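First the structure, in the form of structure tokens, and then the observations on it.
The values are calculated or read from the model by the stated rules, or taken from the named source; none is laboratory data. Here the structure is a predicted model, which is why all the values come from computation and not from measurement. Positions of Cβ are generated from backbone atoms using ideal geometry, with glycine treated the same way; all protein chains shown enter the neighbour counts. Protein only, heavy atoms only, side chains kept; ligands, DNA and RNA dropped before computing areas. Shrake-Rupley method; radii C 1.70, N 1.55, O 1.52, S 1.80 Å.
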Amino acid sequence: GLRRAAEVSAPVGDLVFTFADSVQVNGPIDTAYQFIDEADRWPVRLPHVRRLDLRVDEAGVQHMVMDTVAPDGATHTTSSVRVCMDGTQIVYKQIEVPALLTGHSGRWIFATEGGTTTITSEHTVCMNADAVEKVLGAGTNLVAAKTFVRDALGGNSRITLQHAKEFSEAGGVRLVRR
């Protein structure tokens with residue numbers, strides 16, 4: 001990994017970036033957390049999740065393989081390890097990432113203030129500069145690729161956040177279907 005990083009033509013600072021999206025929820029924090037924690041139910045709750053295999057080896061540690069459908073209909077598979085912590089945070093590291101990335105980690109953050117719950121989805125990614133033109137076409141630069149990744153990952157997160165909001169505000173009794 002170190003050799004690969006040293007051989008990349010772009011400076012590391014140009015490849016790694018972090019972004020976040022949040023939603024305000026008029027519902028209990030535990031129900032919002034439940035929606036994100038129950039990733040095995042995402043195929044029936046989220047329109048962009050086609051398949052999700054979840055394995056829990058020890059309490060709070062989830063191994064998941066997920067097929068995600070892009071807006072153009074293409075499907076890609078990712079593999080992640082998630083650690084679910086004390087009802088306020090779920091952190092993850094993708095082990096198998098899409099071709100445009102060499103790394104992706106993130107976290108779901110849950111906070112309550114004044115009766116309102118805030119859910120935040122935060123991503124830190126490292127771009128695969130060598131894959132930009134192969135994946136997005138000749139002439140595509142790193143700036144455009146970063147925008148593409150931000151829009152794709154952020155779009156899926158915003159969909160998930162919206163469904164978590166609806167689930168929480170309904171008290172967790174309504175199954176949100178695609």
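Show the residue pairs meeting these rules: Cβ distance below 8 Å; 6+ apart or different chains; first residue within the stretch 132-144 and of a type in the set (D, E, K, R); second residue surrounded by 14 or more Cβ atoms within 10 Å (Cβ to Cβ).
What qualifies is GLU133/THR140.
Output the residue which, of all residues in the stretch 118-140 that are in a helix (DSSP H, G or I) and small (Gly, Ala, Ser), is most open to solvent (accessible area, probe 1.4 Å).
Here the answer is ALA129.
Quick one: count up the residues across the stretch 42-79 that are in contact with a Leu (Cβ under 8 Å, 6 or more places away or on another chain), charged (D, E, K, R) and surrounded by fewer than 17 Cβ atoms within 10 Å (Cβ to Cβ). Reasoning before the result, please.
Restricting attention to the stretch 42-79, the residues satisfying the condition of being in contact with a Leu (Cβ under 8 Å, 6 or more places away or on another chain) are 42-45, 62-67.
The next check asks that each one be charged (D, E, K, R); those that pass are 45, 67.
Now restrict to residues that are surrounded by fewer than 17 Cβ atoms within 10 Å (Cβ to Cβ): 67.
Going through the stretch 42-79 one residue at a time, the tally reaches 1.
Give the stretch 92-101 a look and list any residue that's in contact with a helix residue (DSSP H, G or I) (Cβ under 8 Å, 6 or more places away or on another chain) and part of a strand (DSSP E or B), or say none.
Result: LEU101, single match.
Scan the stretch 99-117 for residues that are open to solvent by 30 Å² or more (accessible area, probe 1.4 Å) and under 28 Å from VAL143 (Cα atoms) and report the count.
The total comes to 5.
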